[in-house]
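Below is one structure, written out as structure tokens, with a few remarks after it.
Please treat every number below as a calculation from the coordinates, not as lab data. Source: prediction; values computed, not measured. Cβ sites come from the backbone with ideal geometry, for glycine too, and all protein chains shown count toward neighbours.
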């Protein structure tokens, strides 16, 4: 069954699906609260993209375009994509869904920055990402991994 | 055996101890590389604090004082402590080492901000922390938890 990446809308169904993911946290709770209190409309656009397998959301990630004036990672400074909460439900791993989401992100042809979770380095390196040079005052507890389209370099802060 | 929180120095022994912690990542690798290439001195101060039980480092955290000009969390704006990589080795949990580290951080009497890991919310709430109001462009994939000494409030960004 071919699958596609789609932008997820904020509604009670999506938020119920989100509960299956391990990285369910304050972001999701805040979206739920906003929806319950009519602070956002039903079916508002979300920063999440996902893959449905049949009726079930089996993989998701968040993507946000950061303005070049906040770019501390790339040379020349430019808009880049912040990618977070990439996660594939346990029963659907090793089927290429993670790669499909990352390829979707790459298709924007902008540099990408993510925070690699514990034990995920091999995955990110397989997707062509590399560890960014760690800088405490920028990265704190993160493991910043970056991907760059042609013509872009990591910013040299040394 | 009474234990105390001490500031950890960067040397090969400390960096070897760090390998036992799950959140070993680019930060630690970068410290190791800097030491190997004499870019930092042996026994330089690190942002890590830890607890030794006998000869073994069994708990650690990082603390960094963020200048008030970068304070997007508290009211009035002020210097605050960023806390990350709080971790107690598995065999030493439920003995109060985590609380001992957090109490050390609190003793500075500055607000504290951390990023709560999956399934750690109960711990942080027990330490008097509360979830910060989630703001995507500030927090991305984080679960920001904050603690405030008397007289400090969460910044209202609404």
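I need the peptides A:105-117, A:5-17 ranked by packing, meaning the mean over residues of other C-beta atoms within 10 angstrom, with the highest value on top. Intermediate results must be reported in sequence, preceding the final value.
Numbers: A:105-117: 19.0, A:5-17: 16.1.
Sorting A:105-117, A:5-17 by mean packing, highest first, produces A:105-117, A:5-17.
Sorted from shortest, what are the nm distances separating the label point of residue B:6 from equivalent points in the other copies, each placed 7 Å from Cα along Cα to C-beta?
Ordered by increasing distance: 5.9 nm.
Quantify how strongly other chains surround peptide A:114-126 by giving the mean number of their Cβ atoms within 10 Å of each of its Cβ atoms. Kindly include the intermediate steps, with their values, before the conclusion.
Details: counts 2, 6, 2, 5, 6, 1, 0, 2, 0, 0, 0, 0, 0.
Per residue, the number of nearby Cβ atoms from other chains is 2 on average.
I need the inter-copy label distances for residue A:64: point set 7 Å along Cα to C-beta, values in nm with one decimal, smallest first.
1.8
Suppose a student asked you for the relative contact order of chain B, using Cα pairs under 8 Å spaced at least 6 residues apart; what percent would you report?
Working: 237 pairs, mean separation 30.5, N = 158.
Relative contact order of chain B: 19 percent.
Could you work out, residue by residue across A:129-141, how many beta carbons of other chains sit within 10 Å of that residue's beta carbon, and then give the average as an integer? Please list the in-between numbers first.
Details: counts 0, 0, 4, 1, 3, 9, 3, 9, 6, 0, 5, 13, 14.
The mean count of partner-chain Cβ atoms within 10 Å per residue comes to 5.
Take the Cα radius of gyration of the stretch A:5-154 and divide it by 2.2 N^0.38 Å, with N its residue count; two decimals is plenty. Could the numbers behind the result be given before it?
Details: Rg = 15.9 Å, N = 150, 2.2 N^0.38 = 14.8 Å.
With N residues counted in the stretch A:5-154, Rg over 2.2 N^0.38 Å equals 1.08.
For residue B:121, project a label point 7 Å along Cα to C-beta. Then give me every residue of the stretch A:12-46 with its amide nitrogen under 17 Å of that point.
A:15-37
At residue A:107, with labels set 7 Å past Cα in the Cβ direction, how many nm apart are the copies from this one, shortest first?
Counterpart label points of residue A:107 in the remaining copies fall at 5.5 nm.
Which angle from 0 to 90°, rounded to the nearest 10, does the C-alpha axis of helix B:26-36 make with the longest principal axis of chain B?
Approximately 40 degrees, to the nearest ten.
For a test of the definition: using alpha carbon positions, the gyration tensor, and the 1.5 limit on a/c, classify the stretch B:118-158 as rounded, prolate or oblate. Before the final figure, lay out the partial values.
On the way: a/c = 3.18, a/b = 1.05, b/c = 3.02.
In terms of gyration-tensor shape, oblate.
Helix-only estimate, please: 222 nm mean residue ellipticity of chain A, summing -39500 (n - 2.57) across DSSP H runs of length 4 or more and dividing by its residues, to the nearest 500. Walk me through the numbers before you get to the answer.
Numbers: 5 runs with 38 residues, N = 158.
Helices in chain A give a 222 nm mean residue ellipticity of -6500 deg cm²/dmol.
Along the three principal axes, how long is the protein assembly as shown when you take its alpha carbons, biggest first, rounded to the nearest angstrom?
Dimensions of the protein assembly as shown along the principal axes of its Cα atoms: 59, 45, 39 Å.
In whole angstrom, note down how far apart the Cα centers of the stretch B:98-151 and the stretch A:6-59 are.
25
In peptide B:81-92, how many Cβ atoms from other protein chains are near each Cβ within 10 Å, on average?
Working: counts 0, 4, 2, 5, 2, 1, 0, 0, 0, 0, 0, 0.
The shielding value for this peptide is 1.
Helix B:97-106 versus the longest principal axis of chain B: what angle, 0 to 90°, nearest 10, using Cα atoms?
Between helix and principal axis, roughly 60 degrees.
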